[in-house]
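Taken together, the values in this text are just the output of simple stated rules run on the coordinates, not laboratory data. Remember, it's a predicted structure, so these values are computed and weren't measured experimentally. Positions of Cβ are backbone-derived with ideal geometry, glycine not excepted, and every protein chain shown enters the neighbour counts.
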Amino acid sequence: MRLLLAMMKHETNTFSPVRTDLDRFRDWALVEGDAVAQTFAGTNHPLAAYLDLAREKGAEIVTPLAAEAMPSGPVEAAAYDYMSGRILDTLAKGGFDGAMLDLHGAMVAHGEPDGEGGLLERMRHMAPGLPIAVTCDLHANVTERMVVNATALIGYKTYPHVDMYDVGAQVGRILLRALGGEAAPVMAWGNVPLLAQTLCMGTADAPMGPLQEMTRAEEAGGALAASLFGGFPLADIRDAGLSAVVVSDGDAARAGAACDRLLAAAWAERENFVYRGEDLAAAVARAKSTPEGPVILLDHADNVGSGGTQDSMAVIAEVLRQGLEDVAVAAVWDPRAVAVMGEAGVGAQVTLELGGKTDMPAIGAKGEPLRLTGRVRTLSDGRWIVRGPMYTGVEVDTGPSAVLEVGGMRIVVVSKHHEPWDVGIFTSLGIDPAIAGICCSNHASITAPVSRPWPRRP
C-alpha cells in the first residue's frame, strides 16, 4: 500500500491587511519530505494519526508537504501555487492507493476563493478513482466542491480543538476500510444562511456543545462520521457559514437525512449564534471589580490573527487607564519593540512605542502605538514545546520574544504572530497564568458589512 499524506492549512480573514506569503507559512510550519514525520509524529495532530495508521498497515508513506500559517489575509497566489503544486506534482507520479489530507477549510487565496476545494478538484481530475480522506477545522467553510472531490471528510468536534488526532484517526480508518472493501463511504453536505460568531461556538457551552453531541449520536446510530462546522465568517466568500457533512456506509439517503437533522437543529438555534458584545470600558471595569481570579479577557474572533493584527493597543490602554493590577497579556506582535528590549537587556528600563504598527483599512483604522515606560523582565528565543491538549508536542516559534513589565502589567511581546491557545505563551517566559489576576489576549477584530446571496442545500 502506498499513501500520500499532506497538510495545507490557513484560516483566512479576507479583511486582514497582514500579508500571507510563503514566508508566513515558514514562520509557523512549512516542512517537506521526511521532515514532515519528524515534525508531527507523536503529536496530537491529524498528521500524527495518519502516520500511525499508515505504519500499522505497513504502507509506503509519501509526505510531500506539511504547511500551516497563523491566520491573516488572503494567501498570495505564488504561495498557494507552490504548496498545492508540491502535493499535485507528487500525486502526478502515480502509484498511490489513497491520500490522507489535513486541511483547514477556510483558506482563501488570490485567484482561488475556495483553496481546499481547488486542491481537491485538481487531485480528483488527476486521479479520478483515488480514495481521499480529509480532516477540517470546526471553523471550516465547507463547500460542495470540497465534498464531491473527497471520499470522506470530517471535522473537529471540540473548540478549543483538542480532538485533532482522534478525528484524523477516525477518517483515516474510514479510508483504510474503503481500500479493504469493508466500507463504501458516501457523503451528504448542506449549509444554511448563518454566519455564526466564533465566541458562540465553544463546545463546552450551548448551542454548539449540544449540537456536537448530536453528531456523536448520529455516529453511534451508524454514521461513519458526522460533522457540524460552525464556519468562519471573516472569510468573505460565497459559501462562508455553518454547514454539515455526514458520511454513511453506502446509504446516501441515510446520510442526507442525518445531515438535514443537524442543519435543522443548528438553524433553530440561530439567535444563540449571535454574540452581543460589551463596551470595552465596562468590561474592564467588571474585570477589576471581580473578587476572585483569574479573570480572562478573550479575543472576539477565533484567533488574534483571524480577527486582527495582534498589535492593537486598545485593551492594554484601557486596562492601564483603569489601574488594574496583576495583569498578564499575551501576546503583542511587535518585533521592533522586542529588538529594543533585547538591546537594553533584562532588568533595564526602557521607553518605547509598543504595537500599533499596522493600519486596518477595511475598517478605516490607523495603527496607534502606545508609548510605555517599563522594565525588561524576560528575554527568550521564543521556542517552546506545547504541553497542553491542543497541538500537544508541537514546537512553537514566536521568534525573539520579551516581557515588558509596566506597573502591575506583564506584556508578552513576540516577533512572529502566534495565537495564545496554550499556556506556554506565558510559562515559557516565566509567567504563571494560574496565579495572575487577569489574563488578556490582544487584538481588534476586522470585519466589514457585506451583502450577498446565500446558497441553500438542494
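With both labels modelled 7 Å from their Cα along Cα-to-Cβ, the HIS125 to ALA317 distance reads 4.9 nm. Across region 157-167, computed HN-Hα scalar couplings (Karplus, 6.51 cos²θ - 1.76 cosθ + 1.60, θ = phi - 60°) run 9, 10, 9, x, 8, 9, 10, 4, 5, 4, 5 Hz from first to last residue, x flagging Gly and Pro. Once the Cα atoms are used to define both axes, helix 335-344 deviates from the longest principal axis of the chain by about 50 degrees. In angstrom, the C-alpha Rg and Dmax of region 169-276 are 14.6, 50.
Note that region 280-440 carries a Kirkwood radius of 15.9 Å, evaluated over its alpha carbons pair by pair. Among 99-112, 154-167, 18-31, the peptide with the highest mean count of other Cβ atoms within 10 Å heads the list, and the full ranking is 99-112, 154-167, 18-31.
Taking every lysine pair in the chain that is 8 or more places apart or spans two chains, those with Cα atoms closer than 20 Å amount to 4. When only Cα pairs below 8 angstrom with a gap of at least 6 residues are kept, the chain shows a relative contact order of 16 percent. Summarised as an ellipsoid, region 236-372 has semi-axes of 42, 20, 15 Å, derived from the eigenvalues of the Cα gyration tensor scaled by 5 and square-rooted, with the largest first. Reducing region 58-122 and region 340-364 to their Cα centroids gives an inter-centroid distance of 35 Å. Dimensions of region 2-273 based on its C-alpha atoms, expressed as ranges along the principal axes with the largest first, amount to 48, 47, 33 Å. The spread of Cα positions in region 66-139, taken along each principal axis and listed from longest to shortest, comes to 36, 27, 19 Å. Couplings for region 223-228, taken from phi via the Karplus curve 6.51 cos²θ - 1.76 cosθ + 1.60 with θ = phi - 60°, read 5, 5, 7, 9, 9, 10 Hz in order; Gly and Pro are left as x.
Quick one: work out Rg over Rh on the C-alpha atoms of the chain, Rh as Kirkwood radius. Ratio of gyration radius to Kirkwood radius for the chain: 0.98. In order along region 175-192, the phi-based Karplus estimate (6.51 cos²θ - 1.76 cosθ + 1.60, θ = phi - 60°) of 3J(HN,Hα) comes to 4, 5, 5, 5, 5, x, x, 8, 8, 10, x, 10, 10, 10, 9, x, 9, 10 Hz; Gly and Pro are listed as x.
Highest mean first, what order results for 253-259, 240-246 on Cβ atoms within 10 Å? The partial results should precede the final answer.
Values: 253-259: 19.7, 240-246: 27.7.
Most protected by this proxy first, the peptides run 240-246, 253-259.
Counting only GluC sites (Glu not before Pro) that sit in a DSSP loop (anything but H, G, I, E, B) with at most 12 other Cβ atoms within 10 Å, what is the longest stretch of the chain containing none of them?
In short, 1-181.
For region 233-278, chymotrypsin sites (Phe, Trp or Tyr not before Pro) are listed when DSSP marks them as loop and at most 14 other Cβ atoms sit within 10 Å of their Cβ; the list is TYR275. Between amide H atoms placed 1.01 Å from N, distances below 5 Å from CYS439 occur with VAL295, ILE296, LEU297, ALA328, all of them 5 or more places distant or on a separate chain.
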